[in-house]
Amino acid sequence: KTDNEDVLVVEDLGVSFDGFKAVDGFNFYLAKNHVHVIIGPNGAGKTTVLDLICGKTKATSGSVKFKGKELRKQQEFKIVRAGIGRKFQTPSTYENLTVFENLELSHPAGRGVFGCLTFRRTPEILERCHSVARQIGLSDKMNTEAGILSHGQKQWLEIGMLLMQDPEIIMLDEPVAGMSVRERAQTAELIRSISDHRSVIVIEHDMEFVREIADRVTVMHMGKILAEGSMDTVSKDPKVIEVYIGH
Ligand code: ADP
């Protein structure tokens, strides 16, 4: 993809846990409608970076600007509402509700006051449920209980639940963990289709998968950025090769 404007500008971000710098001097520029993948060995600080961006962990330094607005000191729910959605690795579907109901309840209007679950079925919400179901490939599973979906289908439903909130940025932590080869290919396609209209940040270990989806790659090591650029560029970087072979 060509150079687009940056929707998220992260500068000099850092956090310490008991004096240990888990993330240090982290700079990250997420371009509109790009898939930006963060890779790096275990413990490099990748998950912590997502935690800092979405406000789950408070940064000790730096700034996180979303469309020019500083988010660093905002509360987590306000960051979600501003348009940054995150899929965690822990399952978040309602197992005994159908795919349709899970999607419906994820629409911002389905959440009612004080977070109570309420059904407010409007034509607009219905239409969104169907269009999201098409995008995640679950149109024919609308009346299936989430609990009996395959592992891959559950992951797509969770991505669909995020899409219901119409976020500008989606963050995915190891989206293809535990998936079959075929499910991986479908997930790659889904992520590419999401990036037609949104920006996506992905943490991923599977290099083949990274190659398929990434517009840009940031390599982390020991809390810092080791390399940044296209997958071709970073995979030829001697520093990156050393970290991966040495690991
Ligand atoms: P990655 O996702 O790249 O595997 P993480 O971001 O999970 O790495 O962790 C980076 C480092 O920060 C690790 O050494 C981890 O033990 C440490 N860390 C992460 N969160 C906390 C926390 N809440 N308290 C203390 N240490 C933490």
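Quick check on my link table: of K32/K236; K69/K141; K21/K236; K46/K78; K67/K141, which ones sit more than 31 Å apart, alpha carbon to alpha carbon? Please report the intermediate quantities before stating the final value.
Numbers: K32/K236 26 Å; K69/K141 39 Å; K21/K236 27 Å; K46/K78 22 Å; K67/K141 36 Å.
In this structure, K69/K141; K67/K141 exceed 31 Å between Cα atoms.
What is the Cα centroid distance between region 173-189 and region 8-51, reported in whole angstrom?
Distance between centres, Cα-based: 23 Å.
Could you work out the pair-distance distribution P(r) of region 1-140 from its alpha-carbon pairs, with 5 angstrom bin width and percents rounded to whole numbers?
Binned Cα distances yield the sequence 2, 8, 14, 17, 16, 14, 14, 9, 4, 1, 0.
If you bin the C-alpha pair distances of the chain every 10 Å from 0, what whole percents do you get?
7, 31, 35, 21, 6, 0
Which number do you get for Rg(Cα) / (2.2 N^0.38 Å) in region 17-97? Present the calculation step by step, with values, prior to reporting the outcome.
Working: Rg = 14.1 Å, N = 81, 2.2 N^0.38 = 11.7 Å.
Against the compact-globule rule of thumb, the ratio is 1.21.
For region 118-174, what is one quarter of the convex hull surface built on the Cα atoms, given in nm²? Each step should come with its number before you reach the end.
Details: hull surface 18.8 nm².
If I average the Cα hull's projected area over directions, I get 4.7 nm².
Can you tell me how much longer the chain between S150 and E127 gets when fully stretched, taken as 0.36 nm per residue apart minus their C-alpha distance, in nm with one decimal? Before the final figure, lay out the partial values.
Working: separation 23, 0.36 × 23 = 8.28 nm, distance 2.47 nm.
Result: 5.8 nm gained on full extension.
Select from region 1-90 those trypsin sites (Lys or Arg not before Pro) which occupy a DSSP coil region and have at most 12 other Cβ atoms within 10 Å, ordered by residue number. Walk me through the numbers before you get to the answer.
Numbers: sites: K1, K21, K32, K46, K56, K58, K65, K67, K69, R72, K73, K78, R81, R86, K87; in loops: K1, K32, K56, K58, K67, R72, K73.
Here the trypsin sites (Lys or Arg not before Pro) that fit, given the DSSP loop and packing criteria, are K1, K58, K73.
Using Cα pairs closer than 8 Å and at least 6 residues apart in sequence, work out the relative contact order for region 141-247, in percent.
Details: 90 pairs, mean separation 19.4, N = 107.
Reported as a whole number, the value is 18 percent.
Plugging the Kirkwood radius over Cα pairs into Stokes-Einstein for region 111-247, at a temperature of 20 °C and a viscosity of 1.002 mPa s, what D comes out in µm²/s? List each step's numbers first, then the result.
Working: Rh = 17.0 Å.
Translational diffusion coefficient: 126 µm²/s.
Find the all-direction average of the projected area of the Cα convex hull for region 56-114, expressing the result in square nanometres with one decimal place. Working shown, then result.
Values: hull surface 22.8 nm².
Averaged projected area of region 56-114's Cα convex hull equals 5.7 nm².
What does region 170-217 give for Rg and for Dmax, in Å, if only its C-alpha atoms count?
Rg, Dmax (Cα atoms, Å): 9.8, 27.
Read-outs throughout are calculated quantities, based only on the coordinates presented, and are distinct from any laboratory measurement. All of these numbers come straight from a predicted model, not from anything done at the bench. Every residue, glycine among them, receives a Cβ derived from its backbone with ideal geometry; neighbour counts consider all protein chains shown.
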